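Remarks on the structure that follows.
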Amino acid sequence: MLEISALNSFYGKAHILNDLGFSVSKGEVVALLGRNGAGKTTTMKSIMQLVRPKSGKVQFNGQDITALPSHRIARLGLGYVPEERRIFSDLTILENLEVGRQPPRADAPAWTVDALFELFPNLFERRHNRGKAMSGGEQQMLTIARTLMGNPKLLLLDEPSEGIAPVIVEQMAETILRFKKEGLTVIISEQNLHFARIVADRAIIIESGEKKFDGSFSELEKQPEIRDAYLSV
Amino acid sequence: MGLFVAQLLTGLANAAALFLVASGLSLIFGVTRIVNFAHGSLYMLGAYFGVTLMNTLPGVFGFWTSILLSGLIVGVIGIAIEVCVLRPVYRAPELFQLVATFGVILVIQDLTLMVWGAEDRLGPRAPGLKSVVRILGEPVPQYDLALIAITPFILLALWWLIARTRVGVLVRAATQDREMVGALGVNQSWLFTGVFFLGSALAGLGGALQLPKGGADLLMDLNIISAVFVVVVIGGMGSIPGAFVASVLISVLNVFGVSYIPQSTLVLMYVVMAVVLLIRPYGLFGREEKAGEHGQVGEPDRPIRPAGTKGRLFVAALIAALALVPLVGENFTQVLITDIVIFCLFAASLQFMLSTGGLVSFGHAAYFGGGAYAAALLVTYADTPMELAFLFAPLAAGLLALIFGWFCIRLSGVYFAMLTLAFSQLVWSLVFQWYDVTGGDDGLVNIWPAEWLSGTTAYYYFTLIVGVGGIILLRQLAHAPFGYTLRATRDSARQAEATGINVKLVQWSAFAMAGAMAGLAGGLFVFSKGSIFPNELEIGKSFDALIVVFLGGVKTLSGGVVGAAFMESAKDWLTRLEYWRLILGLLIIGVVIIAPDGIVGTLRRVGERIGLLRTQEFMR
Ligand SMILES: Nc1ncnc2c1ncn2[C@@H]1O[C@H](COP(=O)(O)OP(=O)(O)OP(=O)(O)O)[C@@H](O)[C@H]1O
Ligand SMILES: [Mg+2]
């Protein structure tokens, strides 16, 4: 469904992604693992073309999206949930959802405001409040819900478990498993190996923008030296 | 009592056009982050189209249709500006976008002149609303009452659009984080173009709507723009209710000012603005801006280096050649070069704070003119000898910059720029309206240099020594530890703070230094001309300096000097052409889009490419 090959991305002169390549098939949940600064966020931004790669290719359902503007990519069915959340703090929760709204598509789960409120009941209670006055967990739910309003086929979740309470992390894991059941393809970036193992089918480990491992969690289990070298446990 | 009410109503009626223009500007700024200096030009176009249409379409229906059509036409012109001029520079730093809109002002000025001619047009009276109503015994024009009735509906319609529709939600979201809005599948280009259409149409409506109270003339673009800035800044950039409240405040203040303190109406407006900004730096309804919030990242600046040997030799040769000019050149050449050197010093002083310090001032003329006026006032009222009065020019300007700078440096970005503009307009309006002391529009005359400097050639050498000395001093300062510290505060105030630099103090010193050097240029200027007029303090003068720094190259040290020399010499023949503004405007827009590095930056790049220069070894 998503195919990335030989991607090279830069911030100014700093070379961040180094010939990075991997692919994700339909219905899979893939965890992108790596330490702080490994390049996980940059990978996601490069997929969305929020960072323009210098070379390499990103293909979505066979279509080359490397030169498209971000909004076109989103409309093709890629939903991006940024690490910093970036909710519109001057807008109410309902208005935040409205920004993300796109027409439903045939080959992806269709979300409505009501369905999302069912998924995240906390949001419903505060639907007329502005984004400003929300806790970290609520903000995380809102960004995910906002992106789902676009009825994506593939969801890019950047560190969904970061900075939220343990109870909410558990809820988050259940939510992601539910997305999987609905047929969504998901890429999550994570530092939390435990969390990743619960929700994901496959792990991709990157370090300094290079792929170091690509395989199932049981394979990863058998190679503790990789885990120790590239993940902070 | 009757008179009071009548004046209040006049003020409210005057607020209508001001509100329309200001809300348009505010809307555009909110979403695109562009301060559209050409917004006054769109207002002017609205008035001209309105006059033409009203003279064609008859009756009550024709009158109101004309107003709506004017708005639509100007909206479409706004789209053209957005697509052709601004779209290519959205990713560029703020200053580039501003300069591009300066270019648009010039182009529209000349196009209007071509189409409608130089003569002022009187606005037709509104059919059916030509008489007056007596309110408490005082006559109030019916049209004023109509305007007062219409404005709240426009406010309401705008409010509904922004608060209640999907477009409004997207606009507000984009105001906050336009990249994220794009990542969620919204086509920002359309959003921007749409907002530009709406904002421009509002300006056009304002221009047409005020016709029965005024008319159309070629000065109305710059005349309204400073009032609009005051309104937008007081109300808060990006806030529509803010624009409304501030329009009413300023218009009412103006009407009462005219009848009770006619000498200080202009001053009053800028005093109110300065006070509001001091108490609420982001305006009455504004939202605090955080630096870098909108993710404008450019290429990292190249480190600057002292000039290489080649560069030094070139400059030395140039100065030597200038010193030889009086031996061969005529008087005219010497006068021209004197003007050029003075302008170069003025531009260099702005460049010092702008490029090295990242402090974009819109009101640098205040210090140039301030220094000149300080010297001229001393000569006129205290018979001060020229030498002493001349020394006072940089001192007074530096002091002025010290005072204004203390307030300005508390703000940053657009708000900093606006406050510098407000202060410079304050100085201008004081000089312009305080006739008894400054001579107002008549200026101060007979300010000649001392005996030993009185010949053209003597003054030429004097200017050359002082001017070149000043420029070299500024360059040295940029390469001194102070310059490096200043650059650190520009690149990241927070990091600089963390390494123990007193950011505000450094910026304040740079502001004062730039002001003093501008004052020095002003001192040279006043004694070379023998007179000084308020136009040396005008917005236009500040813009001139910004434009030459930009043309020369913002990211260089010598850009201001090169740009000023280029511009001053080009002006001499350019202004002989009938439509020189059009040419200059197009040139500016072209530079912004095609060669944003400016003259110096482009030359350097070309030089490096063809191998004439080793990388980074140009006179910078
Ligand atoms: N805007 C930027 N400008 C310059 N360098 C950046 C920028 N954003 C990230 N970097 C650098 O790029 C590298 C990769 O960053 P990235 O955010 O992709 O890492 P990450 O794996 O997402 O880390 P984390 O787990 O902390 O989120 C880091 O070294 C970081 O310092
Ligand atoms: Mg990250």
Out of B:42, B:86, B:69, sole residue that is in a helix (DSSP H, G or I) and farther than 23 Å from residue B:100 by Cα | B:69
Within segment B:565-610, considering residues that are farther than 26 Å from residue B:338 by Cβ and of a type in the set (Gly, Ala, Ser), the one surrounded by the fewest Cβ atoms within 10 Å (Cβ to Cβ) | B:590
Could you list, in sequence order, all residues of segment A:67-91 that are more than 9 Å from chain B (Cβ to nearest Cβ), part of a loop (DSSP other than H, G, I, E, B) and in contact (Cβ under 8 Å) with a residue 24 or more places away in the chain?
-> A:77, A:83, A:85
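To keep it simple, each residue is scored yes or no on (1) surrounded by fewer than 17 Cβ atoms within 10 Å (Cβ to Cβ); (2) among the hydrophobic types (A, V, I, L, M, F, W, C).
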site	(1), (2)
A:48	no, yes
A:52	yes, no
A:56	no, no
A:70	no, no
A:74	no, yes
A:79	no, no
A:86	no, no
A:90	yes, no
A:93	no, yes
Inside segment A:186-200, can you point out the residues that are within 16 Å of ligand 1 (Cβ to nearest atom), part of a helix (DSSP H, G or I) and either aliphatic (A, V, I, L, M) or touching a residue at least 40 places away in the same chain (Cβ under 8 Å) (or both)?
-> A:193, A:196
Kindly provide the set of residues from segment B:19-51 that are modelled with pLDDT of 95 or more and open to solvent by 10 Å² or more (accessible area, probe 1.4 Å), ordered by number.
-> B:43, B:45, B:49
Qualifying positions in segment B:147-203 - at the interface with chain A (Cβ under 10 Å from one of its Cβ atoms), basic (Lys, Arg) and surrounded by fewer than 19 Cβ atoms within 10 Å (Cβ to Cβ) = B:166
The lone exception for residue A:158 - which of (1) within 16 Å of ligand 1 (Cβ to nearest atom); (2) away from chain B (no Cβ under 14 Å); (3) closer than 25 Å to residue A:112 by Cα it fails = (2)
Which residue out of B:375, B:396, B:389, B:401 is under 27 Å from residue B:230 (Cβ atoms) and open to solvent by less than 20 Å² (accessible area, probe 1.4 Å)?
-> B:401
Out of (1) under 19 Å from residue A:46 (Cα atoms); (2) touching a Gly at 6+ places or on another chain (Cβ under 8 Å), the one residue A:230 does not meet is (1)
Output the residues belonging to segment A:206-228 that are surrounded by 14 or more Cβ atoms within 10 Å (Cβ to Cβ) and either in contact with a Cys (Cβ under 7 Å, 6 or more places away or on another chain) or of a type outside the set (Lys, Arg) (or both).
-> A:206, A:207, A:208, A:209, A:210, A:213, A:214, A:215, A:217, A:220, A:226
Between residues in segment B:61-87 that are closer than 18 Å to residue B:150 by Cα and residues that are of a type in the set (S, T, N, Q) and surrounded by 19 or more Cβ atoms within 10 Å (Cβ to Cβ), which pairs lie under 9 Å by C-beta distance while being six or more apart or on different chains?
-> B:71/B:200
Does residue B:562 satisfy the criteria of being at pLDDT 80 or above, open to solvent by less than 60 Å² (accessible area, probe 1.4 Å) and more than 25 Å from residue B:84 (Cα to Cα)?
-> yes
Hey, residue B:238 hits all of (1) closer than 30 Å to residue B:173 by Cα; (2) part of a helix (DSSP H, G or I); (3) modelled with pLDDT under 90 but one; which does it fall short on?
-> (2)
Would segment B:356-365 turn up any residue that is open to solvent by 20 Å² or more (accessible area, probe 1.4 Å), assigned to a loop (DSSP other than H, G, I, E, B) and β-branched (Val, Ile, Thr)?
-> yes
Checked A:173, A:203 against criteria (within 16 Å of ligand 1 (Cβ to nearest atom) and either buried (at least 18 other Cβ atoms within 10 Å of the Cβ) or closer than 28 Å to residue A:75 by Cα (or both)); the one match is A:203
The lone exception for residue A:171 - which of (1) in contact with a helix residue (DSSP H, G or I) (Cβ under 6 Å, 6 or more places away or on another chain); (2) of a type outside the set (Lys, Arg); (3) modelled with pLDDT of 85 or more it fails | (1)
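From the list A:12, A:21, which one is of a type in the set (Gly, Ala, Ser) and open to solvent by less than 50 Å² (accessible area, probe 1.4 Å)?
A:21 is the lone residue from the list that is of a type in the set (Gly, Ala, Ser) and open to solvent by less than 50 Å² (accessible area, probe 1.4 Å).
Give the number of residues within segment A:53-94 that are within 16 Å of ligand 2 (Cβ to nearest atom) and either among the charged types (D, E, K, R) or farther than 30 Å from residue A:123 by Cα (or both). Talk me through it step by step, then tell me what you get.
Step one: list which residues in segment A:53-94 are within 16 Å of ligand 2 (Cβ to nearest atom), which gives A:80-86.
From the residues that got through so far, the ones that are either among the charged types (D, E, K, R) or farther than 30 Å from residue A:123 by Cα (or both) too are A:83-86.
Looking only at that region, the number is 4.
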Qualifying positions in segment A:92-131 - within 15 Å of residue A:77 (Cα to Cα) and away from every other protein chain (no Cβ under 11 Å) | A:104, A:105, A:106, A:107, A:108, A:109, A:110, A:111
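The values are calculated or read from the model by the stated rules, or taken from the named source; none is laboratory data. In this text the structure is predicted, and so the values were computed from the model without any measurement. Heads up, the Cβs are rebuilt from the backbone with ideal geometry, glycines too, and the neighbour counts pull from every protein chain shown. When the accessible area is computed, the model is the full protein with side chains, heavy atoms only, and any ligands, DNA or RNA have been set aside. Shrake-Rupley method; radii C 1.70, N 1.55, O 1.52, S 1.80 Å.
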